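The structure appears below as structure tokens.
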Amino acid sequence: MRIVFAGTPEFAAQHLQALLDDGRQVVAVYTQPDRPAGRGQKLMPSPVKQLALQHGIAVYQPQTLRDADAQAELAALNADLMVVVAYGLILPQVVLDTPRLGCINSHASLLPRWRGAAPIQRAVQAGDAESGVTVMQMEAGLDTGPMLLKVSTSISAGDTGGSLHDRLAELGPKAVLQAIDGLAAGTLRGEKQDDALATYAHKLNKDEARLDWSRPAEELERLVRAFHPWPICHSSLAGEAIKVHAAEPGEGIGLPGTILAADKHGLTVACGTGALRLTRLQLPGGKPLAFADLFNSRREQFAAGLVLA
């Protein structure tokens, strides 16, 4: 089977690696154009592009797939199937119809829950009991296509966006391989999604990561986990920015944002309901540290009664 792979981030690269490890014939790779990254804003290839070049696979990076020349270029590859994982470009209907068996997508949620850009983080943020990967046949709508295969995993009380991402990145490639075999054999049939059950996973942004202390502590605790390792929740104290890398439920009541206690166990801050204990923080110019290590040298900076904003 001649496979074209389309993807961009590390999550997608792990799917591509699985296809290559399993000896599948990947005839070309599509990925986003190189983007500026790092302090020097040097153009950097995506993880998918880096992997493809290591294996001598042709790489295509069109700005859009709505262009007729780009569509003709894809058609010339004579693909049986296109596997799409976190690609980042919209695939118009003509592209979806180009491969003999169409296009399939590995989406990091149990569809129809969490369609959209950030399904992993939104599942943690919402307090979902489970997540998973859905392999679906793609259609013009956003993550609306018929579901071919689902694999699930429970979400623990300690899961972060990062830990759930890594687990799904192991489950997804295996599901894609199984789906490809089912499509090749003609034994796999899609199941229509129930649109009434759909939720939308909005793209993450840094503004959303600012901790609003008027919200309940349990919501903020989930937000801290969901937004780790990016974009990292943050607040400020006496005008100094503080990144919150880890937190847990605390005890006490007070005006939202007020420091209730500071000790080797963490910095306890009052919320709209309940309290949140911050256990791992990062100050400007520093690295993430357990609060106990910060507290030893900065007791006055974290005195009870001070207010985070």
The set of residues whose placed amide H lies less than 5 Å from the amide H of Cys233, leaving out same-chain residues fewer than 5 positions away, is Val244
What does the charge count around Pro92 come to, taking other residues whose C-beta lies under 12 Å from its C-beta (Lys +1, Arg +1, Asp -1, Glu -1)? -2
Taking every DSSP bridge whose two residues both lie in the range 85-207, the antiparallel percent to the nearest 5 is 85
Give the order of Met1, Met82 when sorted by the count of other beta carbons within 10 angstrom, beginning with the fewest. Met1, Met82
By how many nm would the segment from Ile90 to Ala238 lengthen if fully extended, with 0.36 nm per residue of separation less the alpha-carbon distance? 48.8 nm
Which ³J(HN,Hα) values in Hz, rounded to whole numbers, follow from the phi angles of the range 274-279 under the Karplus curve 6.51 cos²θ - 1.76 cosθ + 1.60, where θ = phi - 60° and Gly and Pro get x? x, 9, 10, 9, 8, 10
List the GluC sites (Glu not before Pro) in the range 216-309 that DSSP assigns to loop (not H, G, I, E or B) and whose Cβ has at most 12 other Cβ atoms within 10 Å. Which are they? Glu251
Phi angles of the range 7-14, converted by Karplus (6.51 cos²θ - 1.76 cosθ + 1.60, θ = phi - 60°) into ³J(HN,Hα) in whole Hz with x for Gly and Pro, give x, 9, x, 4, 4, 6, 4, 5
Report the residue, chosen from Gly116, Gly252, Gly38, that carries the largest GNM mean-square fluctuation when the chain is represented by alpha-carbon nodes joined by springs under 10 Å. Gly38
Please list, in chain and number order, the residues 5+ apart from Asp263 or on another chain whose amide H is under 5 Å from its amide H, with Hs placed from the backbone. Thr268
Residues with amide H under 5 Å from that of Ala247, placed H, sequence gap 5 or more: Thr279
Taking a point 7 angstrom from the Cα of Arg299 along the C-beta vector, which residues in the range 249-272 have backbone N less than 12 Å away? 262-264
Residue (of Leu281, Thr258, Ser235) at the positive-pole extreme of the range 207-302, dipole from beta-carbon charges: Leu281
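Specify whether the C-alpha gyration tensor of the range 28-78 places it in the rounded, prolate or oblate class, a ≥ b ≥ c being the square roots of the eigenvalues: rounded for a/c under 1.5, otherwise prolate if a/b is larger than b/c and oblate if not.
It comes out oblate by the Cα gyration axes.
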In terms of the charge dipole of the chain, which places +1 on Lys and Arg and -1 on Asp and Glu at the beta carbon, the residue among Leu294, Gly305, Gln178 farthest towards the positive end is Leu294
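Just the number, please: percent antiparallel of the DSSP beta bridges in the chain, rounded to the nearest 5.
Given both bridge residues lie in the chain, the antiparallel proportion sits at roughly 65 percent.
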From DSSP H assignment alone, runs of 4+ in the chain each adding -39500 (n - 2.57), the sum over residues rounded to the nearest 500 puts [θ] at 222 nm at -8000 deg cm²/dmol
Work out the charge dipole of the range 177-276 with +1 on the Cβ of Lys and Arg and -1 on the Cβ of Asp and Glu about the Cα centre, then indicate which of Leu220, Leu188, Cys271 is farthest towards its positive end. Leu188
Of the listed values (i) 46, 28, 25; (ii) 43, 21, 16; (iii) 33, 23, 19, grab the one calculated as semi-axes √(5λ) of the Cα gyration tensor in Å from the structure here. (ii)
Lysines with Cα under 27 Å of Lys203, excluding same-chain neighbours fewer than 8 positions away: Lys42, Lys49, Lys150, Lys174, Lys192, Lys243, Lys287
Take the chain, connect every pair of alpha-carbon atoms lying under 10 Å apart with a spring to form a Gaussian network, then pick out the residue of Ala140, Ala246, Ala28 with the largest mean-square fluctuation. Ala140
Summing +1 per Lys or Arg and -1 per Asp or Glu among the other residues with Cβ less than 12 Å from Pro112's Cβ gives 0
With Cα springs under 10 Å, the Gaussian network model of the chain assigns the largest mean-square fluctuation among Phe11, Phe295, Phe227 to Phe295
Evaluate the charge dipole of the chain about its Cα centre and quote only its size in Debye, nearest 20, assuming +1 on the Cβ of each Lys and Arg and -1 on the Cβ of each Asp and Glu. 540
Going residue by residue through the range 90-106, the Karplus relation 6.51 cos²θ - 1.76 cosθ + 1.60 with θ = phi - 60° gives ³J(HN,Hα) values, rounded to whole Hz and with x marking Gly or Pro, of 6, 9, x, 4, 4, 6, 4, 8, 5, x, 4, 9, x, 10, 10, 10, 9
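We did not get these values from a lab; they are worked out from the coordinates using the rules stated. Computed from a prediction, not measured in an experiment: that's the story for all the values here. As a convention, Cβ positions derive from the backbone with ideal geometry for all residues, glycine included, and neighbour counts pool all protein chains shown.
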